[in-house]
Structures are given as C-alpha cells and as structure tokens.
Amino acid sequence: MPGAAPAVGIEITDPDPGWPRRYDELAGRIREALGWRVLPLEHVGSTSVPGLAAKPVIDIDLTVAGPEHERDYTPALEAIGFRLVIREPWRCGHRALVLEQPRCNLHVYGFDSPEPVRHRILRDWLRGNPGERERYAAAKRQAAAAANAAGEHVMPYNARKQKVIREIYHRAFAAAGLLED
C-alpha cells in the first residue's frame, strides 16, 4: 500500500499472560464494528500460544465473505482505528490492517482461504508441544538478533525463521493426517 513500509527493529518479549485478554477486547471491538460480517475470528500467531516469546503484537485472522469487497469491512474497521496496509489479492485475497494501540495485525481472508486453517493448526500444535514451542522461540530470538544487528525490518526476520517454521508445519500437518510423514 502507498506510504506503508515495514518498521526497522524487531522486539521479541517474554510471554505476557495479558495477551489473551487483549485479544478478547479487540475481538469484541471488531465484532461490534462488523456485526454479522465477521465469520470466524481467531487469535493466531505467537501471542496466542501461552508460554511462547513473541513480538508484542496481537495477530488476528478475520474471515469475511469476500476480502476483495473492502468497502464491506474497511470503513468500519478504520472507524475504530485500524489502517489498511497490505493488499495481496494473489495470496488468497489477503488484506492486513494494523492498529497501533493496542498493537494488532488484523489479517483478512475469505471463507474459502486455507490460510486461517494453517494458522490454527500451527497455533494448536505449538500449544500442545512444548519442545516445538521452545524451538520456535529460539529461532525467533536468533532471527530478531540478526535482523536488528543488520538494521533490517520484519521481512528478513521472517525469512530467517522460515526453515524452522516449515519443519514445524510439516510435523503438525503430518500429525493431523494432512501429510504423510
């Protein structure tokens, strides 16, 4: 989106037991703003996994009938402080909006997108597998340190974590019966 650029500096914090409460507050505001346009609304990402170090940003997946119909949801979300920053029609129609206080990334997908399902599988796998959670936390801290030392933004940070994330996804998908091991 014009004028939107990733910030430099990645902050990974110890787990905060207040993250679920922040999600609940945000979810209430989103549901109030959008009403029945909210299909599933899920707390995803690292702040949704108790005990996992994370960037202190609440990630939420919002499923709507059609993310390409931005006029159906964007004005109401902007009215409560969100700002549209990403439009990726080639990636399952993905849109992303951000909120500064409390910090939130709101990912918007259509009802037929596999992305929210992938996010929930990863979240639930990390919740149920402490060793995987610790492995992912270590990869995040290492990636953040390297990105910060190089003065990079979130995209190189994400790229540095990619190998570990793919390995974890593979095990989670295999355990769910979605892949053969």
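Observations on the model:
- Restricted to region 34-75, and to residues there that are of a type in the set (Gly, Ala, Ser) and surrounded by fewer than 16 Cβ atoms within 10 Å (Cβ to Cβ), the residue that is nearest to the chain's Cα centre (by Cα) is Gly51.
- Checked against (1) within 19 Å of the chain's Cα centre (by Cα); (2) open to solvent by 70 Å² or more (accessible area, probe 1.4 Å); (3) of a type in the set (A, V, I, L, M), Leu178 meets all criteria but (1).
- Count of region 28-82 residues which are closer than 25 Å to Pro15 by Cα and part of a helix (DSSP H, G or I): 6
- Among the residues making up region 124-174, a single one is open to solvent by 70 Å² or more (accessible area, probe 1.4 Å) and among the small types (Gly, Ala, Ser): Ala149.
- With respect to the conditions (1) among the small types (Gly, Ala, Ser); (2) touching a residue at least 40 places away in the same chain (Cβ under 8 Å); (3) assigned to a helix (DSSP H, G or I), Gly151 falls short on a single one, namely (3).
- Residue pairs meeting the criteria (Cβ under 7 Å; at least 6 apart or on separate chains; first within 13 Å of Tyr109 (Cβ to Cβ), in region 68-79; second at pLDDT 95 or above and open to solvent by 70 Å² or more (accessible area, probe 1.4 Å)): Tyr73/Arg37
The values are calculated or read from the model by the stated rules, or taken from the named source; none is laboratory data. Keep in mind it's a predicted model, so treat the numbers as computed, not measured. Please note: Cβ atoms are built from the backbone with ideal geometry, for glycine as well, and neighbour counts cover all protein chains shown. For the accessible areas, the whole protein counts, side chains as well, though only heavy atoms, and no ligand, DNA or RNA atoms are used. Shrake-Rupley method; radii C 1.70, N 1.55, O 1.52, S 1.80 Å.
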